[in-house]
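Here's the structure we're looking at; comments come further down.
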Amino acid sequence: MDINTYIWILPGVFGVITAFLLLYLLWLAVAPGPKPRTVNTPPPTPPPPPAPQPRYVESDDTIIDNPVAATGAGSMIIESGLPGISTIDFPGTEFRIGRFRDETQNVLVALDEKSVSRSHALLRLDPGSGQYTIQDIGSRFGTFIVNAHGQPEQLQQGETRPVYNGTVIQFGSAVQVRLLIPTGGYSAAEDFDPGITRL
């Protein structure tokens, strides 16, 4: 074979190799990849239903349902003195109540009414007994516990009293709140009036 034959054969061989490479690259681009591995996972579980909201209905001397939430979190139902506010949840198990919120003084519940002092009262849960107490901490216009007859009884400065589910507390001259707190199912009304009807 002479050199002219090689001149024609070499480009032909390179052309065939190039054609195969192009076909191979085209096949790689179009061919499906490996199938992804399937993992059998159980279907997602639905979220739990929301906890039932506590109901509190009072009519004369009748209490319907125990208004304590299952979570043990307490709250205050505003009965008078703060228009536009209906409920305040407890921010913890020991906190001060005052006219303005002040975290540096642990005043975490603000009752913005002129007869409420800046640092008015302390609400505390004793973890050992599970009993909540209220203490007047030097308020100017007083902290009162409203008895079963609707009469406010003033706490002396520094005095601490136990409070129960349903206790009504008056701060100053205008703000009254009803406590919804876990106390083992007893309410303040039951403590004051043994003749109360429970449904």
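The values are calculated or read from the model by the stated rules, or taken from the named source; none is laboratory data. What you see is a predicted model; the values in this text were computed from it and never measured. Cβ coordinates were reconstructed from backbone atoms using ideal geometry, including for glycine residues, and neighbour counts include every protein chain displayed.
Pairing each residue of segment 91-120 that is closer than 16 Å to SER80 by Cα with any residue that is hydrophobic (A, V, I, L, M, F, W, C) and surrounded by fewer than 16 Cβ atoms within 10 Å (Cβ to Cβ), provided the two are 6+ apart or on different chains, yields C-beta distances under 8 Å for ALA110/PHE100; ASP112/PHE100; GLU113/ALA174; SER115/ALA174. Screening ILE181 on (1) touching a Gly at 6+ places or on another chain (Cβ under 6 Å); (2) more than 19 Å from SER86 (Cβ to Cβ); (3) touching a residue at least 24 places away in the same chain (Cβ under 8 Å) shows it passes everything except condition (2). From the list VAL116, VAL109, the one residue that fits, being at pLDDT 90 or above, of a type outside the set (D, E, K, R), surrounded by 14 or more Cβ atoms within 10 Å (Cβ to Cβ) and in a loop (DSSP other than H, G, I, E, B), is VAL116. Quick check: is even one residue across segment 149-163 within 20 Å of the chain's Cα centre (by Cα), under 16 Å from GLY74 (Cα atoms) and not β-branched (Val, Ile, Thr)? No, segment 149-163 contains no residue that is within 20 Å of the chain's Cα centre (by Cα), under 16 Å from GLY74 (Cα atoms) and not β-branched (Val, Ile, Thr).
Residues of segment 135-156 that are assigned to a loop (DSSP other than H, G, I, E, B) and either of a type in the set (Val, Ile, Thr) or under 19 Å from LEU125 (Cα atoms) (or both): ILE137, LEU155.
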